[in-house]
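Engineer: If you scroll down you'll find the structure; I have some questions about it.
The values are calculated or read from the model by the stated rules, or taken from the named source; none is laboratory data. The shown structure was predicted, so the numbers you read here are calculated from the model rather than taken from an experiment. Glycine also receives a Cβ, built like all others from the backbone with ideal geometry; neighbour counts cover every protein chain displayed.
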Amino acid sequence: MPENIITIDGPAGSGKSTIAKILARELNLKYIDTGAMYRAVTLLALQNEVDCEDEDSLLELARNTDLELDSKSVDTDKYTTVRLNGKNVTDEIRGREVGSAVSIVSKLYGIRKYLVDLQKKFIKDGNAILEGRDTGSVVCPDAALKIYLTANLNERVRRRVLQVKDREQFSKRDLIKNEIISRDRIDSNRKNSPLIIPENAIVIDTSEMSIREVADRIKKLYLKKKKC
Ligand code: DC
């Protein structure tokens, strides 16, 4: 039921998660954080000492692991709850090690195909909002509304600094800036499903907008599409 699906893609720090969770709550949609799934597979690789570029071993490991995503976790102060074989790994997948390796894992064709199939299963009944890098271009190209969120680099770094500070993981602005630049480069230039503006997507630059303004703008666009 693509008419009840919204996709939000964009680079790190563009506001995708915050906005998607607000909209999921206010429009009563399932929230699918696809980045959390790539992070979970990356954690699997690290935990099992599988080389992040060893596609076959990693795919086998992923296929033999139960990956659960709580599509109802829409608290904007918390990350979506993720479980691997029943174990809660929500915090672990946000760690520094996973953050640095996730772009390598998400380049792998087999892993992408496996996770995209899972994402399609999660949304088969419609009524969902997905966020990531390829949700409007690959996972659900015929979604009712496709949004591409962006913001200038300084603003995206500022948001990430605020986000990680209280988690005391790494608070150095330069480190965060370099990580964002590196992830942007890898995500946008990879061969398989690079971060692009999906066809027919509406681009919203959130640099100068409040969270409420962005959420209201998307809500209006969605309700208008539903009426058509
Ligand atoms: O949104 P995030 O920062 O949690 O995503 C982590 C990484 O996962 C991101 O750098 C690229 C990858 N990713 C992807 O390749 N495709 C998606 N649909 C979502 C995330």
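Engineer: What's the total number of residues in the range 113-127 that are in a helix (DSSP H, G or I) and surrounded by fewer than 20 Cβ atoms within 10 Å (Cβ to Cβ)? Lay out the reasoning, then the answer.
Structural biologist: The first filter runs over the range 113-127 and keeps only residues in a helix (DSSP H, G or I), leaving 113-122.
In the following step, the residues that additionally are surrounded by fewer than 20 Cβ atoms within 10 Å (Cβ to Cβ) were identified as 113-114, 116-118, 120-122.
Qualifying residue count, the range 113-127: 8.
Engineer: Count, please, the residues in the range 62-83 that happen to be at pLDDT 95 or above and over 27 Å from Ser137 (Cα atoms).
Structural biologist: 1
Engineer: Would you check if there is a residue in the range 56-72 being surrounded by 14 or more Cβ atoms within 10 Å (Cβ to Cβ), among the hydrophobic types (A, V, I, L, M, F, W, C) and more than 16 Å from the ligand (Cβ to nearest atom)?
Structural biologist: Yes, that holds for at least one residue.
Engineer: Output the residues belonging to the range 131-147 that are charged (D, E, K, R), within 13 Å of the ligand (Cβ to nearest atom) and assigned to a loop (DSSP other than H, G, I, E, B).
Structural biologist: Hits for the range 131-147 are Arg133, Asp134.
Engineer: Going through Arg63, Arg94 one at a time, which residue ends up being under 28 Å from Tyr148 (Cβ atoms) and charged (D, E, K, R)? Explain how you work it out, then say what you get.
Structural biologist: Working: Arg63 fails: under 28 Å from Tyr148 (Cβ atoms).
Checking each option against the conditions leaves just Arg94.
Engineer: If we keep just the residues of the range 82-103 that are out of contact with any helix residue (DSSP H, G or I) (no Cβ under 8 Å at 6 or more places or on another chain) and outside any loop (DSSP other than H, G, I, E, B), which is farthest from the ligand (Cβ to nearest atom)?
Structural biologist: Out of the qualifying residues, it is Lys87.
Engineer: Assigned to a helix (DSSP H, G or I), over 21 Å from Lys113 (Cα atoms) and within 14 Å of the ligand (Cβ to nearest atom), is that true of Thr18?
Structural biologist: Yes: the conditions hold for Thr18.
Engineer: Residue by residue through the range 21-49, note down the ones that are within 20 Å of Arg212 (Cα to Cα) and in a helix (DSSP H, G or I).
Structural biologist: Passing the criteria: Lys21, Ile22, Leu23, Ala24, Arg25, Glu26, Leu27.
Engineer: Taking the criterion of being hydroxyl-bearing (Ser, Thr, Tyr) and in contact with a Lys or Arg (Cβ under 6 Å, 6 or more places away or on another chain), would at least one residue in the range 170-180 satisfy it?
Structural biologist: yes
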